[in-house]
């Protein structure tokens with residue numbers, strides 16, 4: 001294996017952990033009750049005005065969110081590494 005060859009599984013796991021972890025943080029913000037304040041700040045900072053309300057915490061939805069986004073992150077990372085290796089001809 002070349003030093004420049006991407007390990008598809010490892011990169012998939014990294015992308016999955018980052019994307020799933022980011023959504024785990026969101027779920028924890030909802031659970032703690034500060035998600036609406038955070039959301040309002042982000043929209044304000046981007047000069048966006050949307051009348052949306054963050055709903056109550058739902059454990060099933062939170063677990064589903066983290067699992068699905070982790071899997072999507074893995075697929076994106078794995079696919080990106082696969083493409084990288086094909087472009088490099090390895």
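Across segment 48-64, the qualifying residues are those that are surrounded by fewer than 12 Cβ atoms within 10 Å (Cβ to Cβ) and more than 30 Å from residue 78 (Cβ to Cβ), and the one among them that is modelled with the lowest pLDDT is 51.
Residues that are touching a helix residue (DSSP H, G or I) at 6+ places or on another chain (Cβ under 6 Å) and free of Cβ contacts under 8 Å to residues at least 12 places away in the same chain: does segment 25-37 have at least one?
Of the residues in segment 25-37, the ones touching a helix residue (DSSP H, G or I) at 6+ places or on another chain (Cβ under 6 Å) are 27, 29, 35.
Imposing the further condition that a residue be free of Cβ contacts under 8 Å to residues at least 12 places away in the same chain reduces the set to 29.
Yes.
Yes/no per residue for (1) closer than 14 Å to residue 74 by Cβ; (2) surrounded by 15 or more Cβ atoms within 10 Å (Cβ to Cβ); (3) modelled with pLDDT of 95 or more; (4) under 17 Å from the mean Cα position of the chain (by Cα):
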{"residue": "10", "(1), (2), (3), (4)": "yes, no, yes, yes"}
{"residue": "14", "(1), (2), (3), (4)": "yes, yes, yes, yes"}
{"residue": "26", "(1), (2), (3), (4)": "no, yes, yes, yes"}
{"residue": "31", "(1), (2), (3), (4)": "no, no, yes, no"}
{"residue": "36", "(1), (2), (3), (4)": "no, no, yes, no"}
{"residue": "46", "(1), (2), (3), (4)": "no, no, yes, no"}
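Of the residues examined, residue 77 is not one that is surrounded by 13 or more Cβ atoms within 10 Å (Cβ to Cβ) and free of Cβ contacts under 8 Å to residues at least 60 places away in the same chain. What's the number of the only condition in (1) closer than 22 Å to residue 19 by Cα; (2) in contact (Cβ under 8 Å) with a residue 60 or more places away in the chain; (3) loosely packed, with under 13 Cβ neighbours inside 10 Å that residue 88 fails to meet? Evaluating residue 88 over (1) closer than 22 Å to residue 19 by Cα; (2) in contact (Cβ under 8 Å) with a residue 60 or more places away in the chain; (3) loosely packed, with under 13 Cβ neighbours inside 10 Å leaves (1) as the failure.
The values are calculated or read from the model by the stated rules, or taken from the named source; none is laboratory data. Everything quoted here is computed from the prediction, not taken from an experiment. When we count neighbours, we look across all protein chains shown, and the Cβ atoms used for this are built from the backbone with ideal geometry, even at glycine.
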